[in-house]
1. Convert each backbone phi in segment 6-15 into a coupling constant with the Karplus relation 6.51 cos²θ - 1.76 cosθ + 1.60 (shift: θ = phi - 60°), then list the ³J(HN,Hα) values in order as whole Hz, x for Gly and Pro.
2. Got a sec to turn the phi values of segment 26-33 into Karplus ³J(HN,Hα) couplings, 6.51 cos²θ - 1.76 cosθ + 1.60 with θ = phi - 60°, whole Hz, x for Gly and Pro?
3. Between D55 and residues 5 or more places away or on another chain, which pairs have amide H atoms under 5 Å apart, with H built 1.01 Å from N, and which residues are they?
4. With springs connecting C-alpha atoms under 10 Å apart, model the chain as a Gaussian network and identify which of S85, S75, S64 has the largest mean-square fluctuation.
5. Could you give the nm distance between label points at V1 and K98, where each point is 7 Å from its Cα heading toward the beta carbon?
6. Counting only protein heavy atoms and using a 1.4 Å probe, what share of the accessible area of segment 63-115 belongs to carbon plus sulfur, as a whole percent?
7. For Cα pairs less than 8 Å apart in space and 6+ apart in sequence, what is the mean separation divided by the residue count of the chain, i.e. the relative contact order in percent?
8. At a probe radius of 1.4 Å, what is the per-residue accessible area of T61, in Å² to the nearest 10?
Amino acid sequence: VTPNLHPRDFMRYWLVVEELDKRIDDLGLRGAIQLASFHPEYRFEDETSHDSGSDNPSWYTNRSPHPMFHLLRESSVERALDNFSGDPDDIWQANVRKMEELGCRTIRDRLASAK
């Protein structure tokens, strides 16, 4: 968790994500370590907004109260997927569907009430 690492500037945070991802390659750890990133203003660049031009429910699947990084062992991810009876794509797709069902306004309201 990195609460002071560009919490209000996703694009500056994303430059750090790209640098960390490059370091994984530089260290020869691609295939051994996977980087997962989360940020209060996370956005997927290939998606357009659904809600007033400034937000998208799917973005909340990678949003968090503070900027953070998770380093995942690929072997652990593979083991978990080996024990999953469905299609692995079903996991993230179900998360996106749930966020879309809720909608941005409901998600924001729930987050505000949790503070």
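1. Values, residue by residue: 6, x, 10, 9, 4, 5, 5, 4, 4, 4 Hz.
2. Once θ is set to phi - 60°, the couplings for segment 26-33 become 4, 8, x, 9, 4, x, 9, 10 Hz.
3. Under 5 Å from the amide H of D55: H50.
4. S85
5. 2.0
6. Working: 2150 of 4190 Å².
Taking all protein chains in place, segment 63-115 shows 51 percent carbon and sulfur surface.
7. Details: 114 pairs, mean separation 34.3, N = 115.
Relative contact order here is 30 percent.
8. Taking all protein chains as shown, T61 has close to 40 Å².
The values are calculated or read from the model by the stated rules, or taken from the named source; none is laboratory data. Model, not experiment: these values are computed from the prediction. Note that we place each Cβ from the backbone using ideal geometry, even for glycine, and neighbour counts take in every protein chain shown. Accessible surface areas use protein heavy atoms only, side chains included; no ligands, DNA or RNA. Shrake-Rupley method; radii C 1.70, N 1.55, O 1.52, S 1.80 Å.
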